[in-house]
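Read the figures in this text as sums done on the coordinates, not as results from a lab. Quick caveat, the model's predicted, so the values are computed rather than measured. Note: ideal-geometry Cβ built from the backbone for every residue, glycine included; neighbour counts use all protein chains shown.
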Amino acid sequence: MSMKTSLLLLGLALIQEGAAIRPVVTFTPDYRKIFISENITMTCDVGSIGEELRYRWYKNRKYVYNGKSYTIQYAGSSQSGSYQCETSNGERSDPVTLDVINGWVLLQIPLYAYEGDDIKIRCHHYPGYNGGQTRFYKDNRVIRDWTYNEEYYIGNVDRKTTGTYRCIKEVYPSRWHQDEASISVKDLFSPPVLTVSPELVIDGDTMTLSCDTNLSDYRQDTDLQYAFYRDGRTVQGFTSSNKYQVLFIQKENSGNYTCEIRTPTSGVKKESQRLHIQGSRGSSIMPILSVSLGLLLLIIIFTLLCVAYQCRSSENNPQPTTAADNDYSTQVELNYTVLDPTRRPRADLPQDNGSNVVYAEVNSKAKHQVKASHGTSDTSADIYQNISSY
């Protein structure tokens, strides 16, 4: 996908979200170095935003031009510098550098290089002269030997592509000349981060894994696909969803999880760090706290009920004091007969000759116990009371 198409789609996406659109400077031809007397066009790309904007160009932070595109014809070395464009909504681009060179050979590289891009570098000689064979180097090692092709193609660039490149070229009649340039490949998207929700998983929970990343600001239109693995085995193949859900069962679902993100076209792939998940019934503290609090509440209620019951029983059935409190405290069992002195003898009973005795028996258990402990014995006077008959 071309840079201009990417920017167009990015602009449309930002409009839908209502976000401010930051412009991006592009070059045509797409090289950051040119010879003096050559032409270059700079464009302030913002995509299609559905409104007319005004554009201003700055070189080394000083205003130089109005318009969406800024063309430099028959460039001179004075045109070298840092360029930015600004839109009427106040957004300004990142600065980009243009080098205008007076020499024999230039190694020209693209203005931008992202993971997965296909790029060409060019060993360009000064116009009007004949060029001969060319050799290319990376970090002082030959990557292509002598040929008459002044361009070197690099497909599907990645971090390994980053480095210092150099070319040597034969130019008639001045013979051999060389130049070098550095290529820095930028991340298309950040390394994925795998997270789980809930953080503490127990049997029966619905576990959700999320695989998150951030696309480059200039490549927000890039399609991404996501896959999930447990202990190196696929649990969900590549789809457009960055979520994986499963009903957690400890025996089946515990293990080391990872996720992988790829682009379906350029083949850029990145894998997350491992996330170990070992759930169990006791893995979450919340259920434990709930059960513990429930049991504590039941114990408190039971204790209060018992205390209330004992208090009520004490009111209805008061307990006697002990012998230690009072040696002659009483728990008296009294057997008695009510005497009526006015009652006359029944005719059918024998006449009382004065020898009949009415007894009143007092059984004082506590008194017996106290006297026994003191080594004294009971007397008949303590037990029986002879009540004379009337």
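Hey, if you put +1 on the Cβ of every Lys and Arg and -1 on every Asp and Glu Cβ in the stretch 184-255, which of Thr239, Leu194, Ser210 ends up farthest toward the positive end of that dipole? Of the options given, the answer is Thr239.
If you look at the Cα atoms of the stretch 35-120, you get an Rg and a Dmax of 14.5, 45 Å.
Evaluated at 25 °C with a viscosity of 0.890 mPa s, what Stokes-Einstein diffusion coefficient in µm²/s does the stretch 70-149 have when Rh comes from the Kirkwood expression over alpha-carbon pairs?
155
Note on the stretch 88-128: semi-axes of the ellipsoid equivalent to its C-alpha gyration tensor, largest first and rounded to whole Å, are 27, 18, 7.
Which number do you get for Rg(Cα) / (2.2 N^0.38 Å) in the stretch 117-161?
Values: Rg = 12.0 Å, N = 45, 2.2 N^0.38 = 9.3 Å.
That ratio works out to 1.29.
Per the Debye calculation on the stretch 214-281 with a single equal scatterer at every Cα and no solvent contribution, log₁₀ I(q)/I(0) for q = 0.12, 0.15, 0.19, 0.24 Å⁻¹ amounts to -0.37, -0.55, -0.78, -1.07.
Under 1.5 on a/c is rounded, so check that first for the stretch 13-162, then, if it is not, pick prolate when a/b is larger than b/c and oblate when it is not; a ≥ b ≥ c are the square roots of the alpha carbon gyration tensor eigenvalues.
Numbers: a/c = 2.85, a/b = 1.56, b/c = 1.82.
Judged from the Cα gyration tensor, the stretch 13-162 comes out oblate (a/c at least 1.5, b/c at or above a/b).
Put simply, the Cα atoms of the stretch 149-248 extend 81, 27, 22 Å along their principal axes, the longest span coming first.
Converting phi to 3J(HN,Hα) with the Karplus coefficients 6.51, -1.76 and 1.60 and the offset θ = phi - 60°, the stretch 67-79 yields x, 5, 10, 10, 9, 10, 9, 6, 4, x, 4, 5, 7 Hz in sequence order, with x at every glycine or proline.
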